[in-house]
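Before any comments, here is the structure.
The values are calculated or read from the model by the stated rules, or taken from the named source; none is laboratory data. All values derive from a computational prediction rather than experimental measurement. Because the Cβ atoms are built from the backbone with ideal geometry, glycine has one as well, and the counts that use them run over all protein chains shown. Calculation scope for accessible area: heavy atoms of the full protein, side chains included, ligands and nucleic acids excluded. Shrake-Rupley method; radii C 1.70, N 1.55, O 1.52, S 1.80 Å.
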Amino acid sequence: MTRIDDTFAALRSEGRRAFVAYVMAGDPDYARSLQLVKGLPGAGVDIIELGLPFTDPMADGGTIQLAGQRALEAGMTLQKTLQLAREFRAEDSTTPLVLMGYYNPIYSRGVDKFLHDAKQAGIDGLIIVDLPPEEDHELCLPAQEAGLNFIRLATPTTDDARLPTVLTNTSGFVYYVSITGITGSAAPKAPEVAPEVARIKARTDLPVVIGFGIRTPEAAREMAAAADGCVVGSAIVSEMAEGKPVEEILAFVSRLAEGAHGA
Amino acid sequence: MPDELFNSFMTGPDENGRFGDFGGRFVSETLMPLILELERQYEHAKTDQSFWDEMQDLWTHYVGRPSPLYFAERLTEHLGGAKVYLKRDELNHTGAHKINNVLGQIILARRMGKKRIIAETGAGQHGVATATVCAKFGLQCVVYMGAHDVERQAPNVFRMRLLGAEVVPVTSGRGTLKDAMNDALRDWVTNVRDTFYCIGTVAGPHPYPAMVRDFQAIIGKEAKEQMQAAEGRLPDTLVAAIGGGSNAMGLFYPFLDDKDVQIIGVEAGGKGVDVEMQHCASLTGGRPGVLHGNRTYLLQDDDGQILEGFSISAGLDYPGIGPEHSWLHDIGRAEYVAITDAEALEAFQLCCAMEGIIPALEPSHALAHVTKIAPELPRDHIICMNMCGRGDKDIFTVAKALGIDMNG
């Protein structure tokens, strides 16, 4: 059992949906990013997705790409991202931390070294966008061996024939990408998403969480109700891009969390 | 297994799209079903004679193939050593080798029922070739081009627009070729059902590196036959310029198992390979990493962040290289060298003056290496260089570099 499994078990026993928040590590700088991450659990966030900055985020929209650029320009690296996780973990031993990003910084560091460091830093799971099941031996299998969850994306293009491939070696939860598109784009429609979630749940006992295009407390409520929870990323990152104070961003996160928890 | 198959360099990639450790399918799940379907369709087309008949017909009547193999007599005399032959792919319709591959992919797209074609482009040659073939078949065409390249390749931007393509200037990241590729991938992820992504080089997720190579291999196949006719034997050395590496792979591939043929790829050394972010020599100055769907040599920093390349030639300005080149480099079957902007410019002018051929800046890099090695080689040594593009698009860049005011 990882912190992610424990969190979903607890939510399930309370009859609640999960609210997952994505923030970019090091955006706009290390100190303010750490302050934001530390405030997320208090704002009602059940699971934190910590974005690992990368120069070429092919599956992300402009909001996340610019956040990554701000972080990199402020000197963020993989090692500093893990340091940020470590500092968070020193004060919070229960909220799951999922590292989300692209493979190259990890490959560049070396998979074994990275897994060792990530585990020590208190990371619980990984979402690596450019590692499909076909490349499982690269990181997915070593990560599970090291006791980290490897959370896979399922998408509208993942048909019934392919779904079992995607679900094999997935752990923690399944991240259902609500649209064909990039992060921060068009809003998903609940009537289209619900049957897709049912299709996935018919083939796995893992919780299913919906992400991409969710921007408001109302959308968070609607999407969370259609699954076991929802993720909001770009809408929170946009607040940071506008230079809002961390307290104000956390207040927005609270409203989103209330939306998801009201489902 | 017979020995000749066992020892072949031409059997890659494996079923996972790997050339040794390079290549692969490092894409998001949304794209995975698409590239698997593309692979199925390509594998089918590859063995379908009617597919190749259609290609051959268009190569002959639309592109103007075979391109000549030309003995550069004055250049050879000037260099005073090896005999220099040029494979004249700059004479193709649209002025470069790019159209060889575009035709193959568009015929495939039509077979798959796709109506909307997207492409990325650096120098604009692949964009022009894609826009051209889309116009011919009445397909919608959207070309992603770095904002910086839109500026320095204005004539090609206008050509694409004349041909009915929508050119989207890419400002995300630093607005270069790699960012154009990112935005093309984003478009594909968003418009998966009706869109075909026509990649311009031997990179990207499997099956692109193999498919583009197979379409470009016509260059090497012709060169082999033409050299037999001209000299009654194979060339001793092949030389080609490399950005992503499609013209080079096209020339090299049919010769990979001819082990006496020396193979040299020429990367863009920009202002010098020892200056970070001032060159595009992925093999000479990079290390293996994962970008744009494949593992290959990349220009990157210690943290695995991708670095911008630099070259006077927009077509070589890419921080990666096709995975098959990375493999050929590591196993030592091919040699890779770097040529600086200054050396390429010199070769550009030499070619104009000696042969009456205005070369593109990309093959000018290959030619610069030829001018280095030919004088040291015996007169019966034969070099075959791929003249992969014509230089009309580059005259403004060259004028600027030479300090000439074209408006004056």
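Could you tell me whether segment A:3-261 comes out rounded, prolate or oblate from its Cα gyration tensor? Rule is a ≥ b ≥ c as square roots of the eigenvalues, rounded for a/c under 1.5, then prolate if a/b exceeds b/c, otherwise oblate.
It comes out rounded by the Cα gyration axes.
Using Cα pairs closer than 8 Å and at least 6 residues apart in sequence, work out the relative contact order for segment A:3-261, in percent.
With pairs under 8 Å counted, the relative contact order is 23 percent.
So, counting K/R as plus one and D/E as minus one, what does the shell of residues with Cβ under 14 Å around B:V212 add up to?
Working: positive: B:K46, B:K98, B:R213; negative: B:E39, B:E120, B:D214, B:E324.
Surrounding charge for B:V212 is -1.
Any idea of the accessible area per residue across segment A:3-261, 1.4 Å probe, to the nearest Å²?
On the way: 8780 Å² over 259 residues.
That works out to 34 Å² per residue.
Share of chain A's accessible area from carbon and sulfur, percent, 1.4 Å?
The C+S portion of the solvent-accessible surface of chain A is 52 percent.
Using only helices, what value at 222 nm comes out for the protein assembly as shown when you add -39,500 (n - 2.57) per DSSP H run of length 4 or more and divide by the total residues, to the nearest 500 deg cm²/dmol? The partial results should precede the final answer.
Details: 29 runs with 292 residues, N = 671.
Counting only the DSSP helices, I get -13000 deg cm²/dmol.
For the cross-link pairs B:K98/B:K372; B:K178/B:K393; B:K98/B:K178; B:K87/B:K259; B:K98/B:K136, which exceed 23 Å when the distance is taken from alpha carbon to alpha carbon?
Distance filter (> 23 Å) returns B:K98/B:K372.
I need to check one value: relative contact order of chain B, counting alpha carbon pairs closer than 8 Å and at least 6 residues apart, in percent.
Answer for chain B is 20 percent.
How well do other chains shield peptide B:179-188, expressed as the mean number of their Cβ atoms within 10 Å of each residue Cβ?
Taking the mean over all residues of the peptide, I get 4.
Once Rh for segment B:222-294 is found with the Kirkwood sum over Cα pairs, what is the Stokes-Einstein diffusion coefficient at 20 °C and 1.002 mPa s, in µm²/s?
Answer from the Stokes-Einstein relation: 151 µm²/s.
Measure of size requested: the Rg and Dmax of the protein assembly as shown, with Cα atoms as the atom set and Å as the unit; please supply both.
26.1, 86
With no solvent and one equal point scatterer placed on each C-alpha of segment B:199-254, evaluate the Debye formula and give log10 I(q)/I(0) for q = 0.12, 0.27 Å⁻¹, two decimals.
-0.29, -1.00
Please report the projected area of segment B:133-236's Cα convex hull averaged over all directions, in nm².
9.4
How large is ³J(HN,Hα), in whole Hz, for each residue of segment B:250-263 in order, when computed from phi with the Karplus curve 6.51 cos²θ - 1.76 cosθ + 1.60 and θ = phi - 60°, using x for Gly and Pro?
Coupling constants for segment B:250-263: x, 6, 5, 3, x, 9, 4, 8, 8, 5, 7, 7, 7, 10 Hz.
Taking the Cβ of B:R390 as the centre, find all other residues whose Cβ is under 11 Å away and add up their charges (Lys, Arg: +1; Asp, Glu: -1).
Local charge sum for B:R390: -3.
For B:L291, list long-range residues whose amide hydrogen, built 1.01 Å from N in the peptide plane, is under 5 Å from its own amide hydrogen.
Under 5 Å from the amide H of B:L291 lie the amide H atoms of B:T296, each far enough along the sequence or on another chain.
Give me the 1.4 Å probe accessible area per residue for segment B:292-378, excluding ligands and nucleic acids, in Å².
Per-residue accessible area for segment B:292-378 comes out at 28 Å².
If you count, for each residue, the other Cβ atoms within 10 Å and average over each peptide, how do B:131-138, B:291-298, A:113-120 line up from highest to lowest? Working shown, then result.
On the way: B:131-138: 19.9, B:291-298: 28.1, A:113-120: 17.0.
Sorting B:131-138, B:291-298, A:113-120 by mean packing, highest first, produces B:291-298, B:131-138, A:113-120.
Considering the dipole of chain B built from charges on the beta carbon (Lys and Arg +1, Asp and Glu -1) around the Cα centre, which of B:L108, B:G146, B:A399 is farthest to its positive end?
Of the options given, the answer is B:L108.
Chains A and B: how much accessible area gets covered up at their contact, both sides added, probe 1.4 Å, in Å² to the nearest hundred?
So the buried area, both faces added, is about 3000 Å².
Please list 3J(HN,Hα) in residue order for segment B:93-98, calculated via the Karplus relation 6.51 cos²θ - 1.76 cosθ + 1.60 where θ = phi - 60°; whole Hz, with x for glycine and proline.
3, 6, x, 7, 6, 3
P(r) for segment B:256-408: what percent of alpha-carbon pairs falls in each 5 Å bin, starting at zero?
Percent of pairs per bin, in order: 2, 9, 17, 20, 19, 15, 10, 5, 2, 1, 0.
Show me the three semi-axes of the equivalent ellipsoid for segment B:44-158, from the C-alpha gyration tensor (sqrt of 5 times each eigenvalue), largest first, rounded to whole Å.
30, 22, 10
Given contacts defined as C-alpha pairs under 8 Å and at least six residues apart, what's the relative contact order of segment B:294-400, whole-number percent?
Numbers: 111 pairs, mean separation 22.1, N = 107.
Averaging sequence separation for qualifying contacts and normalising by length gives 21 percent for segment B:294-400.
Alpha carbon centre of segment B:376-408 versus segment B:139-197: separation in Å?
If we compute the Cα centre of each part, the gap is 26 Å.
Please give the Cα centre distance for segment A:23-89 versus segment B:71-105, rounded to the nearest Å.
Going from one Cα centre to the other spans 50 Å.
Mind listing P(r) for segment B:99-150? All alpha-carbon pairs, 5 Å bins, whole percents.
Result returned by the calculation: 5, 22, 34, 22, 11, 5, 1.
Report the number of Lys pairs in segment A:3-261 whose alpha-carbons are under 25 Å apart, with separation of 8 or more residues or on distinct chains.
On the way: A:K38/A:K80; A:K38/A:K119; A:K38/A:K244; A:K80/A:K113; A:K80/A:K119; A:K80/A:K244; A:K189/A:K201.
So the count of such lysine pairs works out to 7.
What figure in square angstrom, to the nearest 10, would you give for the accessible area of B:M354 with a 1.4 Å probe?
40
What is the distance, in nm, between label points placed 7 Å from the Cα along the Cα-to-Cβ direction at B:R333 and at B:R74?
3.8
Sorted by average packing, counted as other Cβ atoms within 10 angstrom per residue and highest first, what order do B:202-211, B:272-281, A:128-137 take?
On the way: B:202-211: 27.9, B:272-281: 18.7, A:128-137: 21.7.
Highest to lowest by the protection proxy: B:202-211, A:128-137, B:272-281.
Above 15 Å lies some portion of the pair distances; for segment B:1-90, what is it as a whole percent of all C-alpha pairs?
78
What distance in nm lies between label points placed 7 Å from Cα along the C-beta direction at A:Q83 and B:H61?
With each label placed 7 Å out from Cα toward Cβ, I get 6.7 nm.
Measure out, as a whole number of angstrom, how far apart the alpha-carbon centroids of segment B:1-60 and segment B:213-274 sit.
Centre-to-centre (Cα) distance: 20 Å.
Would you mind working out the magnitude of the charge dipole of chain A relative to its Cα centre, with +1 at each Lys and Arg C-beta and -1 at each Asp and Glu C-beta, to the nearest 20 Debye?
280
Let me know the mean shielding of A:153-161 by other chains, meaning the per-residue number of their Cβ atoms within 10 Å of its Cβ.
Mean shielding by partner chains, rounded to a whole number: 4.
From the backbone phi of segment A:6-15, what are the Karplus-calculated ³J(HN,Hα) couplings (6.51 cos²θ - 1.76 cosθ + 1.60, θ = phi - 60°) in whole Hz, Gly and Pro given as x?
Each residue's phi maps through the Karplus curve to give 4, 4, 5, 4, 5, 4, 4, 5, 8, x Hz.
For chain B, what is the charge dipole size about the Cα centre, in debye to the nearest 20, if Lys and Arg each add +1 at the Cβ and Asp and Glu each add -1 at the Cβ?
Roughly 1100 debye for chain B.
Averaged over all directions, how much area does the convex hull of the C-alpha atoms of segment B:254-339 cover when projected, in nm²?
With the hull built on Cα positions only, its mean projection is 5.9 nm².
Relative to 2.2 N^0.38 Å, what does the C-alpha radius of gyration of chain B come to as a ratio? Two decimals please.
The value comes to 0.91.
Using a 10 Å cut-off on Cβ atoms, rank the peptides A:148-156, A:191-199 from the highest mean neighbour count down.
A:148-156, A:191-199
What is the diffusion coefficient of segment A:76-192 in µm²/s, taking the Kirkwood radius over Cα pairs and the Stokes-Einstein relation at 10 °C with a viscosity of 1.306 mPa s?
104
Using a simple charge model, +1 on the beta-carbon of Lys and Arg, -1 on the beta-carbon of Asp and Glu, nothing else, what dipole does the protein assembly as shown show about its Cα centre, in debye to the nearest 20?
It comes to approximately 1180 debye.
Taking beta carbons within 10 Å but only from partner chains, what does the mean come to for residues A:77-83?
2
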